[in-house]
Amino acid sequence: MKNVAVVGGGAGGLIFANTLAKEMSEDIQSGKMKIRIFDGSIYHEFQPGYLAVAFRGRDPESLRRYLSGLVLPGVELVPENCSKVDIDNRFVVTEKTGKKFEFDEVVIATGSKPDYSQIPGLSQANHDFHSSARASADAYKRLQKVRWGKVVTGIAGVPYKCPPSPNESAFMLDEFFVRRKLRNEVKVTFLTPYLRSYSNETVNSIIEPIYKERNIEIITSFNLESVDPEKELLVSMEGDTLPYDTLFLVPPHTGAAIFKGEEYADSDGWIKTDKYDLHVTDHDYAFAIGDATNLPISKAGVEAHLEAIVVANNIVSEMNGSSDRYEFTGRLQCSMETGFHQATFVVGTYDKPIERIQPSFYNYMQKKLMERIYWASLKGGYEWLFRWHFGEDYYRKTTRQRPPAQSPKVQNI
Amino acid sequence: MAKTLVDSRGTACPGPITDLLRAYRKASNGDVIELLATDPGVKADAKAWCQRTNNEVLSTVEKNGVITVEIKIMGKKG
Ligand SMILES: Cc1cc2nc3c(=O)[nH]c(=O)nc-3n(C[C@H](O)[C@H](O)[C@H](O)COP(=O)(O)OP(=O)(O)OC[C@H]3O[C@@H](n4cnc5c(N)ncnc54)[C@H](O)[C@@H]3O)c2cc1C
């Protein structure tokens, strides 16, 4: 019996577990395989929808589904978070009841979360459009009251999930105030610690002119250290200050707290992961996917999805005695709405540089289509469409052998 | 004074500057960050970033496709 534990039932964990359950349904029925997802959340939320809740007043409830309704037959949902993942001794411990579950293989898919503790004052001052449907709904309540002044949006610290989302917030805020005929009274400022409006120059060269055209101010290289909510002042690490009236910043993120101090995670709790075969480095039977990894790519749903497919296919091959093995191509595809029904995409792989994609209505519709098929895709639906869409980047067949385990030579912070 | 080694090899988007920014938040004046990268954009970006934040590039060395940038942190306020 192969016992597979999936820690985290978000986008990556669900796609992994459901894909494996579909492929191995006979083995599951005959008792040769067991798949368990551990997750204490009652709901799963469609996170890209947070922006529409915060800046267009969309109903936050429309972004939620019961997690229990998203697992296929053959997958057992244990409705608890894990407080410990002991890879060496192959067991997890659940948080509330302290139960111990053994595994043969484990997939860590615990995502990322905002870490307000890094920037004093931010949690009191910020209207968070990025962390939950409920917080986004509160941000919209605040936004509706803004009639004048300086609205500052952007990046409070790195890393964070969905790199284009702060840019989207700037464009959507502009659209909001234009539609309300308040744009002349409201100054929109985009704040970033990077050197340009988007870290990658190709994307920057596409969107910077839009900032200019829409009269959105860009402040670069601002390393936010703290916020003074009473004086309504942002303070940088270098001592610069910036006044604001309303704040919509994306906080820096960390990995799940339970991994801090584990030898298989870095100091911020990101799991040390092989960028191709997604093994937790040094462990043949442990994998990490999605935002939880320390991979040198964007933290986004597409990556979580394609990584889940790679790991599921490798386990299926192994179970079926096939020598076929697959690896992740590093494919990223983050949509970036530029307002007024236009969008671009940030697309690339480990080997291919970021593509130049002009904003269009067609791209915007693609983004909308993704939302339509999101819930089915978590259950392994529409995989033919993803396979067709991503083509050679979907995954890569490999003959690469895993190198013998060794300690990393350099510290990766 | 501490030295932090930041391995950003293979990073393209959002890029090595993300790893530099993470290390910078934890660093103090006088510390040195040694950034390893394969993205050629890192040379110009690290230089521009230091100019804007009042930090200093001590050296930039390229060997076998790996660029090593040594940065002295001196721009943080008191
Ligand atoms: C505003 C916004 C816009 C976005 N737009 C896009 C976009 O356009 N395109 C795109 O590709 N991506 C986008 N994303 C990012 C995308 O939603 C995430 O990258 C994706 O959900 C990551 O999947 P994941 O499985 O790694 O993590 P998640 O989906 O976040 O799931 C993590 C799960 O782990 C669980 N968990 C945490 N700790 C534990 C524990 N100790 N034990 C057990 N379970 C645990 C959590 O409860 C959660 O269910 C956006 C995100 C935001 C916030």
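Starting from residues that are in a loop (DSSP other than H, G, I, E, B) and not aliphatic (A, V, I, L, M), keep the ones in region A:287-312 and report whichever is nearest to the ligand (Cβ to nearest atom). Outline the logic, then answer.
Keep residues of region A:287-312 that are in a loop (DSSP other than H, G, I, E, B), which gives A:289, A:294-300.
Keeping just the survivors that are not aliphatic (A, V, I, L, M) gives A:294, A:296, A:298-299.
On the way: A:294: 13, A:296: 15, A:298: 8, A:299: 5 Å.
Looking at the filtered set, the residue picked out is A:299.
Determine which member of the set A:182, A:195 is touching a helix residue (DSSP H, G or I) at 6+ places or on another chain (Cβ under 6 Å), at pLDDT 95 or above and in a loop (DSSP other than H, G, I, E, B). Talk me through it step by step, then tell me what you get.
On the way: A:182 fails: touching a helix residue (DSSP H, G or I) at 6+ places or on another chain (Cβ under 6 Å).
Result of the check over A:182, A:195: A:195.
Do the conditions hold for residue A:194, that is, is it crowded, with 23+ Cβ neighbours inside 10 Å and more than 16 Å from the ligand (Cβ to nearest atom)?
Numbers: crowded, with 23+ Cβ neighbours inside 10 Å: yes; more than 16 Å from the ligand (Cβ to nearest atom): yes.
Considered against the rule, which asks whether it is crowded, with 23+ Cβ neighbours inside 10 Å and more than 16 Å from the ligand (Cβ to nearest atom), residue A:194 comes out as yes.
So that you can scan it fast, the table gives a plain yes or no per residue for (1) more than 30 Å from residue A:271 (Cβ to Cβ); (2) more than 9 Å from every other protein chain (Cβ to nearest Cβ); (3) not basic (Lys, Arg):
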| site | (1), (2), (3) |
| --- | --- |
| A:157 | no, no, yes |
| A:174 | yes, yes, yes |
| A:183 | yes, yes, no |
| A:191 | no, yes, yes |
| A:199 | no, no, yes |
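Can you spot a residue in region A:222-229 that is of a type in the set (Gly, Ala, Ser) and either in the same structural domain as residue A:86 (by TED's automatic domain parsing) or within 24 Å of the chain's Cα centre (by Cα) (or both)? Walk me through how you get there before you give the answer.
Kept after step one, since they are of a type in the set (Gly, Ala, Ser), are these residues of region A:222-229: A:226.
Of the ones still in play, those that are also either in the same structural domain as residue A:86 (by TED's automatic domain parsing) or within 24 Å of the chain's Cα centre (by Cα) (or both) are none.
No: zero hits.
Is there a residue being at pLDDT 95 or above, among the acidic types (Asp, Glu) and within 11 Å of the ligand (Cβ to nearest atom) anywhere in region A:250-273?
no
From the list A:335, A:317, which one is within 12 Å of the ligand (Cβ to nearest atom) and in contact with a strand residue (DSSP E or B) (Cβ under 8 Å, 6 or more places away or on another chain)? Even if it seems obvious, please write down each step before you answer.
Working: A:317 fails: within 12 Å of the ligand (Cβ to nearest atom).
One residue alone meets the criteria, A:335.
Looking at (1) over 17 Å from residue A:394 (Cα atoms); (2) open to solvent by 30 Å² or more (accessible area, probe 1.4 Å), which is the one condition that is false for residue A:279?
Of (1) over 17 Å from residue A:394 (Cα atoms); (2) open to solvent by 30 Å² or more (accessible area, probe 1.4 Å), only one is false for residue A:279: (2).
Pick out the one residue from A:412, A:363 that is at pLDDT below 80, surrounded by 15 or more Cβ atoms within 10 Å (Cβ to Cβ) and under 22 Å from the mean Cα position of the chain (by Cα). Step through it out loud before you land on a result.
Details: A:363 fails: at pLDDT below 80.
Every option except A:412 fails the conditions.
Counting only residues that are within 16 Å of the ligand (Cβ to nearest atom) and touching a Pro at 6+ places or on another chain (Cβ under 9 Å), which one in region A:13-49 is farthest from residue A:140 (Cα to Cα)? So that I can check it myself, show each step before the final result.
Our first condition is that a residue be within 16 Å of the ligand (Cβ to nearest atom); within region A:13-49, this holds for A:13-20, A:35-49.
Filter again for touching a Pro at 6+ places or on another chain (Cβ under 9 Å), leaving A:38-42, A:45, A:49.
Values: A:38: 32, A:39: 29, A:40: 27, A:41: 24, A:42: 24, A:45: 18, A:49: 13 Å.
Of everything passing the filter in region A:13-49, A:38 is farthest from residue A:140 (Cα to Cα).
Whether any residue in region A:148-162 is more than 15 Å from residue A:50 (Cα to Cα), open to solvent by 40 Å² or more (accessible area, probe 1.4 Å) and in contact with a helix residue (DSSP H, G or I) (Cβ under 8 Å, 6 or more places away or on another chain) is what I want to check.
no
So is residue A:61 in a loop (DSSP other than H, G, I, E, B) and touching a residue at least 24 places away in the same chain (Cβ under 8 Å) or not? Step through it out loud before you land on a result.
Values: in a loop (DSSP other than H, G, I, E, B): no; touching a residue at least 24 places away in the same chain (Cβ under 8 Å): yes.
No: the conditions fail for residue A:61.
Which ranges mark the strands (runs of 3 or more DSSP E) fully within chain B that have 2 or more residues being within 8 Å of chain A (Cβ to nearest Cβ)? Reasoning before the result, please.
Numbers: elements: B:3-8, B:32-37, B:56-63, B:66-72.
Passing ranges, in order: B:3-8.
The values are calculated or read from the model by the stated rules, or taken from the named source; none is laboratory data. Just so we're clear, the structure is a prediction, and the values are computed from it rather than from any experiment. No Cβ is skipped: glycine too gets one built from the backbone with ideal geometry, and neighbour counts run over all protein chains shown. Each accessible area value is taken on the protein alone, full model and side chains, heavy atoms only, with ligands, DNA and RNA left out. Shrake-Rupley method; radii C 1.70, N 1.55, O 1.52, S 1.80 Å.
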